[in-house]
Amino acid sequence: PTSYIPKTVTIHKKTHQAHCVIGGRSFDLYDGRRQTAILLNNLLGGPFMSSLLNLSLREKHGLAYNVESSYSPYSDTGIWNIYFGTDCSDVDKCVSLIYKELNKLCRKEISDARMTKLKRQIISQLLFSSENKENVALNLGKSILYYNQFDSLEATIKEVEEITAKQILEVANL
């Protein structure tokens with residue numbers, strides 16, 4: 001990929017809601033830190049109401065209609081981003097709160113209790129998705145195409161269980 005140059009793009013439209021994305025490059029499909037990035041993404045803005053950004057922007061401050069983060073690894077690079085929708089007048093406050101949560105994750109390891117909860121959550125997602133045979137077939141195909149192998153559900157769970165709070169902190173700081 002070409003050199004990454006951070007930038008801000010603003011497009012003004014006659015709407016009551018602002019749709020904002022903050023993000024950048026992340027780990028590719030073959031980077032050993034990929035599972036840690038997935039875990040960190042789940043903690044920050046994953047699909048549950050207990051994500052850090054949801055608790056801060058929606059529950060505590062009532063500022064965002066929607067907030068989520070995503071991580072998409074590709075063969076040569078990855079993309080990580082945070083999306084939020086809010087009133088146009090609340091964009092700066094939301095951005096400030098997002099950076100506050102990001103800075104917290106960069107300064108201090110998360111607690112053992114939070115690590116346990118986070119791992120249980122992602123393992124539950126893995127187990128739930130394994131119930132869907134179409135999901136299993138798609139993941140099998142992707143794994144063989146990308147890695148020329150297929151890890152069992154047990155191996156993936158073991159990999160998640162081995163992730164440490166120190167690794168989460170290291171990935172948060174990259």
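The values are calculated or read from the model by the stated rules, or taken from the named source; none is laboratory data. Bear in mind that the values here come from a model prediction, so they are computed numbers and not experimental data. Reconstructed Cβ throughout: ideal geometry from the backbone, glycine too, with neighbour counts over all protein chains shown. Please note that ligands, DNA and RNA were not included when accessible areas were found on the heavy atoms of the full protein model with its side chains. Shrake-Rupley method; radii C 1.70, N 1.55, O 1.52, S 1.80 Å.
A compact table of results
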item: Centroid-to-centroid separation of the range 40-56 and the range 160-174 [C-alpha atoms, Å]; result: 16
item: Estimated Rh, the range 32-79: Kirkwood, alpha-carbon pairs, angstrom; result: 11.4
item: Summed side-chain charge close to N139 - residues other than N139 whose Cβ falls under 12 Å, Lys, Arg +1, Asp, Glu -1; result: 0
item: Low-density loop positions, GluC sites (Glu not before Pro), the range 73-148 - DSSP coil, at most 15 other Cβ in 10 Å; result: E131
item: Rule-of-thumb Rg ratio for the chain [Cα; 2.2 N^0.38 Å; N residues]; result: 1.11
item: Additional length obtainable on full extension of the chain from V91 to I79, 0.36 nm per residue less Cα span; result: 2.1 nm
item: Accessible-area composition of the chain, carbon plus sulfur, in percent [1.4 Å probe]; result: 54
item: As computed over the range 3-101, the Cα convex hull volume per residue (Å³); result: 107
item: Estimated FRET transfer efficiency (K117, T2; beta-carbon r; R0 30 Å; 0.05); result: 0.15
item: Solvent-accessible area per residue for the chain (1.4 angstrom probe, square angstrom); result: 65
item: Long-range HN-HN contacts of D28 with modeled amide H, under 5 Å; result: G78
item: Candidate lysines - alpha carbon under 17 Å from K13, same-chain residues fewer than 8 apart omitted; result: none
item: Helix-only CD estimate at 222 nm, as mean residue ellipticity for the chain, using -39500 (n - 2.57) per DSSP H run (n ≥ 4); result: -14500 deg cm²/dmol
item: Simple spin-label estimate for F128 and E170 in nanometres, 7 Å along Cα-Cβ; result: 3.0
item: Approximate spin-label separation E154-L29, in nm, with each point projected 7 Å along Cα-to-Cβ; result: 2.7
item: The range 1-19 versus the range 111-137: alpha-carbon centroid distance in Å; result: 33
